[in-house]
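Asker: Provided herewith is a single structure, encoded as structure tokens, for subsequent inquiry.
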Protein chains: 2
Amino acid sequence: MPIRVKFPDGSAKEFPDGSTALDVARSISKGLAKASIAAKVNGQVRDLSRPLPAECDLVLLKEGTPEALEVQRHSGSHVLAGAVRRLYGPDAKFGVGPPVDDGFFYDIEFPGKVSEDDLPGIEAEMRKIVQENVPFVREDLPKEVVVRRMRDMGQGYKLEILKDIPDATASIYTDGDFVDMCEGPHVPSTGRVGAFKLDRITGAYWRGNAANKMLTRIYGLMFHDDKELQAYVTRREEAKKRDHRKLGQELELFMFHDWSPGAPFFLPKGTVIYNELLSFIRAEYRKRGFQEVVTPQLFNKGLWELSGHWEHYRENMFLLKIDEEDFSLKPMNCPSHVLMFKHRRRSYRELPMRIADFCPLHRNELRGVLAGLTRVRKFQQDDAHIFCTVEQIEQEIRGQIDFVNHVYGRVFRMPFAARLATRPPQFLGEAETWDRAEAALEKALKDYGVTYSIDAGGGVFYGPKIDFDMRDALGRPWQLSTIQLDFQLPQRMDAKYEGPDGKYHHPVMIHRAILGSLERFIGVLTEHYGGEFPLWLSPVQAVVLPVTDKDEGYAKEVGAKLAAAGVRCEIDLSNDRISYKIRASQLQKVPYMLVVGAREREAGTVAVRDRKKGDLGPVRADDFLVNLRREIGLSENPAAEA
Amino acid sequence: MPIRVKFPDGSAKEFPDGSTALDVARSISKGLAKASIAAKVNGQVRDLSRPLPAECDLVLLKEGTPEALEVQRHSGSHVLAGAVRRLYGPDAKFGVGPPVDDGFFYDIEFPGKVSEDDLPGIEAEMRKIVQENVPFVREDLPKEVVVRRMRDMGQGYKLEILKDIPDATASIYTDGDFVDMCEGPHVPSTGRVGAFKLDRITGAYWRGNAANKMLTRIYGLMFHDDKELQAYVTRREEAKKRDHRKLGQELELFMFHDWSPGAPFFLPKGTVIYNELLSFIRAEYRKRGFQEVVTPQLFNKGLWELSGHWEHYRENMFLLKIDEEDFSLKPMNCPSHVLMFKHRRRSYRELPMRIADFCPLHRNELRGVLAGLTRVRKFQQDDAHIFCTVEQIEQEIRGQIDFVNHVYGRVFRMPFAARLATRPPQFLGEAETWDRAEAALEKALKDYGVTYSIDAGGGVFYGPKIDFDMRDALGRPWQLSTIQLDFQLPQRMDAKYEGPDGKYHHPVMIHRAILGSLERFIGVLTEHYGGEFPLWLSPVQAVVLPVTDKDEGYAKEVGAKLAAAGVRCEIDLSNDRISYKIRASQLQKVPYMLVVGAREREAGTVAVRDRKKGDLGPVRADDFLVNLRREIGLSENPAAEA
């Protein structure tokens, strides 16, 4: 019986029984056969050389595609293991060796000590194996045969894995002199792996359990070609330099202390950024019709039971007893805003009502996952809730998309794309309301011209949502803004307004945040700018550097003038040499350095250095001030535009 | 043996044995005898008619002095009880009847029901007793005699009180037909009580214990004369109208909810005031060299043990377990600021270091004492800590006194006086350091010309302090600002800086707050201004009132122009008549009402109404805006002066 193969373009063709994906590729073109790494058969990625089933959808995975790269990385780990087997002999015992985001690793028990110094030797042996270009051969065998072979090879970790495989068969892959029990799939031959480089060594407990033996984990990087590999290495180095934890310390932006895990202390310079961001968002709120409120942080269990958080979110809340009753530090603002909405009768004339709140929130993240500013237990959001009618949804969503676009498109220059997550299988409310709301959301995205994708079924049970992914200067994605519709909470908490019909209705609630958590956002921003914050956000905007102590009087005069005009300014009165002072300010990434020596003092000028462009030459001090104020107030600080 | 009497002016005179204070008064002048109410004998207030001891300091207490008034008020309660005894007969049982701040009360068990309607009758009977002007006669008797008389009179509550008196004797006072067991002292005769008025009735458990019987408490007001009584009543009515809890609701400034006792929700209008106060203080911080920080709220027990709060303050903290360890929500910022000071090496060049923090604080006040904004569990302070050297204390204190004077003397126009509290009997540190510091504090007060008193021994164990009492528009005192020296915490927590000598020293720490808790301050300010906040603090600065719906377009135009210029502006688009709209805005205490009708629309003007001065006539809309901006930005908002 011939095999019927369906292609991605919808066409179909028949092939003789026993044909492989490679046979199919060859039948189309020699080039395609040469470029293919593996095949997706009925949605499952498999070796090119495996016979196809009687009826299948087939996608040939060509070099350069993400799915092909994942297969290559997996094969890379086998090449690594093969090299180790050759160099360290049969006493090297192998654990697991999967692909990862930037390459692969293998967990290995070495017969002796091994260190980073050994990596070049192992890598050289790997290159030999690649050079040899031996095929990866798959065998599907009864489980007991595989058990026997692994036992003969002394591979105890493989035997442990086999115990957990419920199937009657297991597979073995052989590439040249290396044999491994493995599910696959793999590249056709060792020569077909991507460009690689061994990266580093760490310890890893067998099966991640500290009670087990510590194995040696060798990481390798692998990409499509050398250019991509090199680009990745460069990007990673740059990211390391920009790590907000490192910069946060160097620039004295924030600190942590063991006595308050997961709760950042913003030092004076970090607090300048914090407060400037708040001012910026507040200025937007004024323009966009938001009203700010200040709310309590401790709430009785009764509130959380009503809102549903007690049932669904309790393990993330910090709980305490007050006057013998259960209370929690609030993890989010929504229920308290509903209480404010409900505190008196509301009319449709008051809608849309946009309530904003910067109240600190607390969430009980596991101590182990806390990391710098990106995973914290205490944070403030630029949080707001919009109470509106169903008819107002589209207009409100458009307004919030415009807000996102203003903040990221214009001010922070981070390109973004949206994901519209629609009705999940488990949902509350009427399907018709959902359909209408999703259509409104999509229309708003389309009308505004935002790039978006649909995450079908990815909405929360209480309503559809739009998440925004921003790309930073290194091209890394960060999910920052979010807009969520909620049909449920106003009903659960019985929030109502009087409509023009004289009857009471539940409003729709829109949860939204533009920056998200300010803590996390400052972490992202620090890396996005590599610490070189734009002028309006810079903790110190200008520093005056007297050349000798004779120039200190004039330096103070210039500094006082700048400070009085609202510029954040420092004066370096240390005894260091001017070249050292410049270097120190440059390391602090101060936008403008104003060198003042005898010449400047006499002429009433400052010698301006820009942190990026270097020396800009002498300018009259008063002119510099006028220009600086204009630059802070008008060109870069959107908060001051109004 | 004659009695030797010493007078307040230092002179002394002898009188025959058995002389009373009244005899002494008469010997000086008839007028003095007539004006005296009671006497202070060796520091104790007693009846004028009691014989004096052999040797004594004597002060005659004349009508119109606070101590005389207290005696009059006490006698007033007896006059009340006597009137009740006449009207309700021997079945009226008497508890206690002390003087209070504005008069007196008596707790009485009535034979039947009694209500506010009965007060005029009781008061009329009291006036008769006063008219009769019968003397108060004191008898000092063996306790068993008093017990017998009270038992005969059926006065069970008096018997209970007698049980707790350890002395062998007790005293009885008789005024006409009324007999009461009482310690005294009293006025010479019923005609000598002050101007009075029965005030109100409440219930009161016998001895304040809910397990006991509920008695009826009748309150009376009593002052020196009718004028003072009337002034008090008027002031109290005004205070009631200004009650911030009432105004807070009427002006929609804030709300409370049972699910978060003691934690105010600031509604949008209250939040405007909140944020304007923060901006105002921040602007002062910039001028005065403070650096703001943002800090965690949850801290491990370890911190509180080190700071001493775990031992001395634990019952005021909200405690919770995190990862099996004890944590608390912070009740104050000081220890966390020391952690920030310590996070890296510090040099004397960095001192004085002024660290400001608006972090929310939580204190576990008893639920029963929570009251509006003045007694809360969650609040934010304009808190700051200054780390400095001993030599810098005087200059720093002077700077903070100047800050207090600017805020209260210039901006809020609340007169204030200072209290310098000095070394208590139990103190830590060197007496010499204390002496030096107290001298520096006093010198700063004196140099600045602040009115101050000395509270000898009133300092805290860790250092001397200055508290400031401000008077509001009704003349009521509020303790708002405080400046406290602290020699201890930096030592306990081992905070150090490197001195010019290359050695490490502990800095002095100054705890200070100008507004104090923002919550409480907003409560005080609301009452101080009676809700008529100055323009820069007003939640709505101007409201546009179209006369008919034809004027709505123009009203929106005017409103939009104001809003774009940064004015907080509303437009009343209701269908109400213009007179009603004006009344509503007046009740909301909006500084400017801009009426726009056909005439204004055609002329491009607005008819301006000032909330205090009324109609100001038509002004061109653009001119009004210019003037308003100037008034907001320059004349009243000191934050915008820079």
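Asker: What is the pair-distance distribution P(r) of segment B:83-154, computed from all Cα-Cα distances in 5 Å bins starting at 0, with each bin given as a whole percent?
Answerer: P(r) for segment B:83-154, in whole percents per bin: 3, 11, 16, 24, 24, 13, 6, 1, 0.
Asker: Compute the label-point distances linking A:R286 to its equivalents in the other copies; points lie 7 Å from Cα along Cα→Cβ; give nm, one decimal, shortest first.
Answerer: Spacings between copies for this position, smallest first, are 1.3 nm.
Asker: Right, here's the next one. Can you tell me which aspartates and glutamates have their Cα less than 20 Å from the Cα of A:K113? Leave out same-chain residues fewer than eight positions away.
Answerer: Straight-distance partners of A:K113: A:D91, A:E123, A:E125, A:D199.
Asker: Right, something else. Can you give the relative contact order of segment B:68-239 as a percent, counting alpha carbon pairs under 8 Å and 6+ residues apart? If you can, show how the numbers build up before the last one.
Answerer: Working: 304 pairs, mean separation 47.9, N = 172.
Reported relative contact order: 28 percent.
Asker: Normalise the Cα radius of gyration of segment B:3-62 by 2.2 N^0.38 Å (N = residues in it) and let me know the number. Walk me through the intermediate numbers first.
Answerer: Numbers: Rg = 10.0 Å, N = 60, 2.2 N^0.38 = 10.4 Å.
Working it through for segment B:3-62, the quotient is 0.96.
Asker: While we're looking at this one, here's another question. Take peptides A:378-386, B:312-320 and line them up by average Cβ neighbours within 10 Å, highest first, as a rough protection proxy.
Answerer: Final packing ranking: A:378-386, B:312-320.
Asker: Moving to a separate point now. Ranked by accessible surface with a 1.4 Å probe, highest first, in what order do B:S49, B:S517 come?
Answerer: Highest to lowest solvent-accessible surface, that is B:S49, B:S517.
Asker: Which entries of A:K330/B:K301; A:K446/B:K269; A:K612/B:K496; B:K240/B:K613; A:K269/B:K503 have Cα-Cα distances beyond 26 Å here?
Answerer: Long pairs (Cα-Cα over 26 Å): A:K446/B:K269; A:K612/B:K496; A:K269/B:K503.
Asker: Looking at the axis that maps chain B onto chain A, which chain B residue has the closest Cβ, and how far off is it in Å, rounded to a whole number?
Answerer: B:L320, 2
Asker: Roughly speaking, to the nearest percent, how much of chain A's 1.4 Å accessible area is carbon and sulfur?
Answerer: Numbers: 14170 of 28770 Å².
Accessible surface attributable to carbon and sulfur in chain A totals 49 percent.
Asker: How long is the gain from B:M214 to B:S574 if the chain were fully straight, where each residue apart is worth 0.36 nm and the alpha carbon distance is subtracted?
Answerer: 124.5 nm
Asker: Going out from 0 in 5 Å bins, what whole percent of all Cα-Cα distances in segment B:68-239 drops into each bin?
Answerer: Going from the shortest bin to the longest, the percentages are 1, 9, 17, 21, 21, 16, 9, 4, 1, 0, 0.
Asker: Cα-based Rg of segment B:1-150 per 2.2 N^0.38 Å, rounded to two decimals?
Answerer: Normalised Rg, Cα atoms only: 1.24.
Asker: To continue, here is another question. Mind checking the log10 I(q)/I(0) for segment B:300-350 at q = 0.13, 0.19 Å⁻¹? Debye, one equal scatterer per Cα, no solvent, two decimals.
Answerer: Computed log10 I(q)/I(0) values: -0.37, -0.67.
Asker: What nm value, rounded to one decimal, do you get for the distance between A:R620 and A:E238 when each label is placed 7 Å out toward the C-beta?
Answerer: Simple spin-label model gives 4.1 nm for this pair.
Asker: Separate question: May I ask you to derive the relative contact order of segment A:357-484, considering only C-alpha pairs under 8 Å and at least 6 residues apart, and to give it as an integer percent?
Answerer: About 24 percent, as a whole number.
Asker: Applying the Karplus parametrisation 6.51 cos²θ - 1.76 cosθ + 1.60 with θ = phi - 60° to the phi angles of segment B:273-278, what ³J(HN,Hα) value in whole Hz is obtained for each residue in order, glycine and proline being reported as x?
Answerer: 5, 3, 5, 5, 5, 4
Asker: Run the dipole for chain A about the Cα centre, Lys and Arg Cβ at +1, Asp and Glu Cβ at -1, nothing else charged, and hand back the magnitude in debye, nearest 20.
Answerer: Details: 91 positive and 94 negative charges, 149 e Å.
Using Cβ point charges on Lys, Arg, Asp and Glu, chain A gives about 720 debye.
Asker: List the residues whose amide H sits under 5 Å from the amide H of B:A513, counting only those 5 or more places along or on another chain, with H placed 1.01 Å from N in the peptide plane.
Answerer: For B:A513, whose amide H was placed from the backbone, the distant partners under 5 Å are B:T482.
Asker: Put +1 on the Cβ of each Lys and Arg and -1 on the Cβ of each Asp and Glu in segment B:1-90; which of B:G76, B:A38, B:A54 then has its Cα farthest toward the positive end of the dipole?
Answerer: Projecting each Cα onto the dipole axis, the largest value belongs to B:G76.
Asker: Further question: Over the whole of B:286-296, what's the average partner chain Cβ count within 10 Å per residue? Rounded to a whole number, please.
Answerer: 6
Asker: Using a label point 7 angstrom from Cα along Cα-to-C-beta, what distances in nm, from shortest up, separate A:V100 from the other copies?
Answerer: 7.4
Asker: Provide the per-residue ³J(HN,Hα) series for segment B:218-224, in order, calculated from phi with Karplus coefficients 6.51, -1.76, 1.60 and θ = phi - 60°, each as a whole number of Hz, with x at glycine and proline positions.
Answerer: The phi angles translate into 9, 9, x, 8, 8, 9, 4 Hz.
Asker: At A:G18, with labels set 7 Å past Cα in the Cβ direction, how many nm apart are the copies from this one, shortest first?
Answerer: From this label point to the equivalent ones elsewhere in the assembly: 14.6 nm.
Asker: What's the percent breakdown of Cα-Cα distances in the protein assembly as shown across 10 Å bins, shortest bin first?
Answerer: Values per bin, smallest distances first: 1, 7, 11, 15, 17, 15, 12, 9, 6, 3, 2, 2, 1, 0, 0.
Asker: Please list the non-local residues whose amide H lies under 5 Å from the amide H of A:D326, H modeled 1.01 Å from N, same-chain partners needing a gap of 5 or more.
Answerer: Here A:K301 satisfy the definition.
Asker: Moving on to the next point. So for segment A:542-640, considering every pair of alpha-carbon atoms, how many percent are separated by more than 18 Å? Present the calculation step by step, with values, prior to reporting the outcome.
Answerer: Values: 2011 of 4851 pairs.
The answer is 41 percent, as a whole percent.
Asker: Got a sec to turn the phi values of segment A:168-177 into Karplus ³J(HN,Hα) couplings, 6.51 cos²θ - 1.76 cosθ + 1.60 with θ = phi - 60°, whole Hz, x for Gly and Pro?
Answerer: Karplus-based 3J(HN,Hα) across segment A:168-177 equals 7, 10, 9, 10, 10, 10, 10, 10, x, 8 Hz.
Asker: Still on this structure, please answer the following. How far apart, in nm, are two points set 7 Å out from the Cα along the Cα-to-Cβ line at A:Q44 and at A:A564?
Answerer: Output for this residue pair reads 8.0 nm.
Asker: Please list, or write none, the lysines whose alpha carbon is within less than 28 Å of the alpha carbon of A:K143, excluding same-chain residues fewer than 8 places away.
Answerer: Result set, ordered by chain and number: A:K40, A:K93, A:K158, A:K163, A:K213.
Asker: Next up: Tell me the mean residue ellipticity at 222 nm calculated for chain A from its helices only (DSSP H runs of n ≥ 4, each -39500 (n - 2.57), averaged over every residue, nearest 500).
Answerer: Details: 20 runs with 217 residues, N = 642.
Rounded to the nearest 500, it is -10000 deg cm²/dmol.
Asker: When a/c is below 1.5 the answer is rounded, else prolate if a/b is larger than b/c, else oblate, so apply that to segment A:308-429 with a ≥ b ≥ c taken from the square roots of the Cα gyration tensor eigenvalues.
Answerer: oblate
Asker: Something else about it: How big is the charge dipole of segment A:340-425 about its Cα centre, in debye rounded to the nearest 20, if each Lys and Arg gets +1 on its Cβ and each Asp and Glu gets -1 on its Cβ?
Answerer: Roughly 320 debye for segment A:340-425.
Asker: Now for a separate question. Using the reciprocal of the averaged 1/r over all distinct C-alpha pairs, how large is the Kirkwood radius of chain B in Å?
Answerer: Mean inverse Cα-Cα distance, inverted, gives 29.7 Å.
Asker: What is the calculated FRET efficiency for A:D91 to A:S27, with r their C-beta to C-beta distance and R₀ = 51 Å, to the nearest 0.05?
Answerer: Once rounded, the FRET efficiency stands at 0.65.
Asker: If you average the sequence gap of Cα pairs under 8 Å that are 6 or more apart and divide by the length of chain A, what percent do you get for the contact order? Could the numbers behind the result be given before it?
Answerer: Numbers: 1190 pairs, mean separation 56.6, N = 642.
That works out to 9 percent.
The values are calculated or read from the model by the stated rules, or taken from the named source; none is laboratory data. Please read all numbers here as calculations on a predicted model, not as lab measurements. Don't worry about glycine lacking a Cβ; one is built from the backbone with ideal geometry, like all the others, and counts go over all protein chains shown. Side chains included, ligands, DNA and RNA excluded: accessible areas come from the protein's heavy atoms. Shrake-Rupley method; radii C 1.70, N 1.55, O 1.52, S 1.80 Å.
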